[in-house]
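The values are calculated or read from the model by the stated rules, or taken from the named source; none is laboratory data. Computed from a predicted model, the values in this text were never measured in an experiment. We place every Cβ from the backbone using ideal geometry, glycine too, and count neighbours over all the protein chains shown.
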Amino acid sequence: QWFANEKDDSFKSSIGQIYQTFGGEDLYPSVEEKAAMLLYLVVKNHSFSDGNKRIAAMLFLWFMENNGVLYSADGRKRIADNTLVALTLMIAESRTEEKDVMVKVVVNLINKDNQ
């Protein structure tokens, strides 16, 4: 009852934002970019009364899994659990003007073995 209670409509806004388009093109074209933005937005928007960082990390993993990109070809997670914890905390402590850098860091760490 106390965990994951939405405070307002900002969670719906976060979901909508990762699917935004401009001129018919996705602003976040890859699944990895969408996942990184989802993590960032859920952490920063404080949509829930409690557990925003935990919810954000869980949604990030759920989104990656449901889009078939959580695991690499050899069966390992593309982003380690301890890395996700560190990223989530880093995002929480970051300044708003650092958003693009935070998202790029997440995307680069997801793709580190695919470059």
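List of remarks:
- Among the residues listed as Glu65, Glu32, the single one being buried (at least 20 other Cβ atoms within 10 Å of the Cβ), under 17 Å from Ile110 (Cβ atoms), under 15 Å from the mean Cα position of the chain (by Cα) and acidic (Asp, Glu): Glu32
- Residue within the stretch 41-59 that is loosely packed, with under 13 Cβ neighbours inside 10 Å, of a type outside the set (Lys, Arg) and within 14 Å of the chain's Cα centre (by Cα) present: no
- For the stretch 45-89, the tally of residues that are of a type in the set (S, T, N, Q), modelled with pLDDT of 95 or more and part of a loop (DSSP other than H, G, I, E, B) stands at 1.
- Selection count where residues are out of contact with any strand residue (DSSP E or B) (no Cβ under 9 Å at 6 or more places or on another chain), more than 14 Å from Tyr40 (Cβ to Cβ) and of a type outside the set (Val, Ile, Thr), scope the stretch 53-85: 14
- Here Thr96, Thr83 are screened, and the one residue that is under 18 Å from Glu33 (Cα atoms), polar (S, T, N, Q) and either surrounded by 14 or more Cβ atoms within 10 Å (Cβ to Cβ) or under 12 Å from the mean Cα position of the chain (by Cα) (or both) is Thr83.
- Considering only residues in the stretch 99-115 that are among the charged types (D, E, K, R) and part of a helix (DSSP H, G or I), the one that is surrounded by the most Cβ atoms within 10 Å (Cβ to Cβ) turns out to be Lys99.
- For beta carbons closer than 6 Å, sequence separation of 6+ or different chains, a first residue in the stretch 6-30 that is farther than 16 Å from Val103 by Cα and among the polar types (S, T, N, Q) and a second that is at pLDDT 85 or above and not in a strand (DSSP E or B), the qualifying pairs are Ser10/Asn45.
- Residues of the stretch 2-36 classified as in a helix (DSSP H, G or I), modelled with pLDDT under 90 and of a type in the set (Gly, Ala, Ser), total: 4
- Scanning the stretch 61-115 for residues that are among the hydroxyl-bearing types (Ser, Thr, Tyr) and in contact with a Leu (Cβ under 8 Å, 6 or more places away or on another chain) returns Thr83, Thr88.
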